[in-house]
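FYI, it's all coordinate maths here, none of it is from the lab. If you're wondering where the values come from, they're calculated on a predicted model, not measured in any experiment. No Cβ is skipped: glycine too gets one built from the backbone with ideal geometry, and neighbour counts run over all protein chains shown.
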Amino acid sequence: MIEYLRGKVLSKKDGHVLLDVNGVGYGLDVPGSALDALPEIGAEGALHVSLVLREDSLTLYGFATPEEKKVFDIFLGISGIGPRTALDILTTLSISDFVMAVRTNNLNTLTRIPGIGKKKAERMVMELKDRIKDFPVVADEHRHIVAHAPEPGKPDLFEDALLAMQALGYKPADASRSVTAALRAAGDEPITVEQLVKLALQKNL
């Protein structure tokens, strides 16, 4: 069983990483957080690994931390959540953000994840509350969820920026990751959709 890989980063883009480990090339699908955590191409990097075996495929998934790997494995135990959706969850939200959304039944935050509608979000909350109750939550990230949850009757800033990014040609998961990063960078400062999109685009440079 492969649990951990360390080697030279040969390539990293579009949610995929190629590591040269002692002359053997390992291809891994990764969430945005792991992609961001890896060093530049040519440098040595390391990933925690989950191996998913299907009838017709064997795929390696890489993560920046053991916690990400553990959460990914938990996600795969939920009905209707496959590896692709599990990666989208980790790309869109930090572990702390996700845990707080589940604990507080924050469906608005959960439905930001590509492919997750209200019904699937409700099922995730029901199935995950007990499984992740011991996961720690970072206070600053918790504040991020509260600060950026749309107020009743007002446009959803996140959704508007997300749609704008997708209209510019970005994939849903990449757009969500960039907008989330932009919201974090903006903090509690007032920001318009146009400013948020501009900031999100800078995160992709």
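Between E122 and L201, the FRET efficiency estimated from the beta carbon spacing at R0 = 35 angstrom works out to 0.60.
Only Cα pairs under 8 Å and at least 6 apart count here; give the relative contact order of segment 4-65 as a rounded whole percent.
Computed over segment 4-65, the figure is 34 percent.
Divide by every residue of the chain the summed helix terms, -39500 (n - 2.57) for each DSSP H run of at least 4, and state the resulting mean residue ellipticity at 222 nm, rounded to the nearest 500 deg cm²/dmol. One gets -13500 deg cm²/dmol as the mean residue ellipticity at 222 nm. Around the Cα centre of the chain, unit charges on the Cβ atoms of Lys, Arg, Asp and Glu (plus for the first two, minus for the last two) sum to a dipole of about 280 debye. Could you calculate the FRET efficiency of H16 with I132 from 1/(1 + (r/R0)^6), where r is the beta carbon distance between them and R0 is 35 Å, rounded to 0.05? Rounded to the nearest 0.05, the efficiency is 0.80.
Relative contact order of the chain: 14 percent, from C-alpha pairs under 8 Å at least 6 residues apart in sequence.
For T192 and T104, the FRET efficiency from 1/(1 + (r/R0)^6), where r spans their Cβ atoms and R0 equals 22 Å, is about 0.20.
Which of the following values of Cα extents along the principal axes in Å was calculated from the structure shown: (i) 55, 42, 29; (ii) 56, 39, 32; (iii) 49, 45, 34? Given (i) 55, 42, 29; (ii) 56, 39, 32; (iii) 49, 45, 34, the structure-derived one carries the label (ii). Using a Gaussian network model of the chain in which every pair of alpha carbons under 10 angstrom is joined by a spring, one finds that among S176, S50, S11 the greatest mean-square fluctuation is at S11.
The relative contact order of segment 155-198, computed from alpha carbon pairs under 8 Å that lie at least 6 residues apart in sequence, is 49 percent. Among M1, M100, sorting on how many other beta-carbon atoms sit within 10 Å of each Cβ, with the fewest leading, yields M1, M100. Amide hydrogen proximity for S11: with H placed 1.01 Å from N in the peptide plane, the residues at 5 or more positions away or on another chain lying under 5 Å are L18. Its Cα centre serving as origin, segment 4-65 has a Cβ charge dipole (Lys and Arg +1, Asp and Glu -1) of approximately 120 debye. Checked against a 27 Å cut-off, the cross-linked pairs K8/K120; K69/K120; K12/K69; K70/K120; K69/K119; K118/K198 give Cα-Cα distances beyond that limit for K8/K120; K118/K198.
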